[in-house]
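The values are calculated or read from the model by the stated rules, or taken from the named source; none is laboratory data. Since the model is a prediction, treat every value here as computed from it, not as a measurement. Cβ: placed from backbone, ideal geometry, glycine included. Neighbour counts: every protein chain shown.
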Amino acid sequence: MTTIIAIDGPAAAGKGTLARRLAAELGFDYLDTGLIYRAVGMKLARAGADPADPDRAGQAARDLRPDDLGADDLRSDQAAQAASKVAAIPAVRAALLDFQRRFAAHPPGGKGAVLDGRDIGTVVCPDAPIKLFVTASLEKRAARRLKELLDRGLPAIQEAVLADMRERDERDSNRSVAPLAAASDAFLLDSSDLDADQAFAAAFDHVRSRS
Ligand code: DC
């Protein structure tokens, strides 16, 4: 039996950094599930289609190939918004569920898997023995995202980043299928006043206490 660590939380809460570091420390494989939704969203956006179109988005999710996850435009804000729209479509979520569960049950390295997203502890891997819900205030998350975009040399305006994040939070939390939510047995980690090292230390303590 491999160990599964499920990490959920809103955008820019620091869960990707945390998940990657936990996976490296434990020798587990890591799956960024947001990237899968981004890849589906960008397939539509690149074709000039509406990411909220259920038929086209469902087809794009069923046609998804591993190579699609390597596209270099998936980290953009356009990809984030498109991902959030396709992610609200039940046919898209259904098409992507098997892939995520297969990865969790049979990670390439065979030791364990860390998955991060919005519904890992609630829907994708509800039996995961270790669950973390990582959050931070909207203002802190928007400030982190702004810095990240500026550091990458991308044009970004604070008000626009904040508004985009608020819109995405609302869509991800209020959709009818697999909304962003903490599992009842998740360890809650508020990273508002923690740096990356402090967040990692708190998460790693919890993982050790459950292992
Ligand atoms: O984690 P991220 O910012 O890369 O995710 C992009 C979008 O994908 C997010 O706004 C909602 C969606 N998503 C989801 O619905 N379920 C997941 N498990 C992961 C991401």
Quiz item: Of the residues that make up the stretch 94-103, is at least one within 19 Å of Glu170 (Cβ to Cβ) and either crowded, with 16+ Cβ neighbours inside 10 Å or within 13 Å of the ligand (Cβ to nearest atom) (or both)?
Solution: no
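Please find, within the stretch 1-11, the residue that is surrounded by the fewest Cβ atoms within 10 Å (Cβ to Cβ) out of those that are at pLDDT 95 or above and within 13 Å of the ligand (Cβ to nearest atom).
Of the residues in the stretch 1-11, the ones at pLDDT 95 or above are 3-10.
With the extra rule that they be within 13 Å of the ligand (Cβ to nearest atom), the set shrinks to 6-10.
On the way: Ala6: 29, Ile7: 30, Asp8: 27, Gly9: 28, Pro10: 19.
Residue satisfying both the conditions and the ranking: Pro10.
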Quiz item: Which condition does Ile89 not pass, out of (1) more than 14 Å from the chain's Cα centre (by Cα); (2) among the hydrophobic types (A, V, I, L, M, F, W, C); (3) within 25 Å of Ile5 (Cα to Cα); (4) within 14 Å of the ligand (Cβ to nearest atom), if it passes all the others?
Solution: (3)
Quiz item: If you take the residues of the stretch 104-124 that are outside any helix (DSSP H, G or I) and of a type in the set (A, V, I, L, M), which of them is nearest to the ligand (Cβ to nearest atom)?
Solution: Leu115
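Here's the yes/no breakdown for (1) of a type in the set (A, V, I, L, M); (2) part of a loop (DSSP other than H, G, I, E, B); (3) within 23 Å of Asp195 (Cα to Cα):
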residue: Ile5; (1), (2), (3): yes, no, yes
residue: Ala13; (1), (2), (3): yes, yes, yes
residue: Arg20; (1), (2), (3): no, no, yes
residue: Ala23; (1), (2), (3): yes, no, yes
residue: Tyr37; (1), (2), (3): no, no, no
residue: Gly41; (1), (2), (3): no, no, no
residue: Ala45; (1), (2), (3): yes, no, no
residue: Ala52; (1), (2), (3): yes, yes, no
Quiz item: What pairs can you find where one residue is in the stretch 85-96 and under 8 Å from Ala61 (Cβ atoms), the other is among the polar types (S, T, N, Q) and near the ligand (Cβ under 9 Å from one of its atoms), and their Cβ atoms are less than 8 Å apart, with a gap of 6+ or different chains?
Solution: Leu96/Thr33
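Residues of the stretch 54-77 being of a type outside the set (A, V, I, L, M) and in a loop (DSSP other than H, G, I, E, B), which ones? Break it down stepwise before answering.
Our first condition is that a residue be of a type outside the set (A, V, I, L, M); within the stretch 54-77, this holds for 54-56, 58-59, 62-63, 65-68, 70, 72-73, 75-77.
Result: Asp63, Arg65, Asp72, Asp73, Arg75, Ser76.
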Quiz item: With (1) more than 9 Å from the ligand (Cβ to nearest atom); (2) within 14 Å of the chain's Cα centre (by Cα); (3) buried (at least 23 other Cβ atoms within 10 Å of the Cβ); (4) not acidic (Asp, Glu) as the list, and Arg38 as the residue in question, which single condition is left unmet?
Solution: (1)
Quiz prompt | Search result, residues across the stretch 41-93 that are modelled with pLDDT of 95 or more, of a type in the set (S, T, N, Q) and farther than 17 Å from Asn174 by Cα | solution = Gln59
Self-check item: Matching option when the condition is at positive phi, buried (at least 17 other Cβ atoms within 10 Å of the Cβ) and assigned to a loop (DSSP other than H, G, I, E, B), among Ala182, Ala178, Ala128
Solution: Ala178
Quiz item: Which residue, of Ala71, Ala23, Ala49, is away from the ligand (no atom under 12 Å from the Cβ) and free of Cβ contacts under 8 Å to residues at least 24 places away in the same chain?
Solution: Ala49
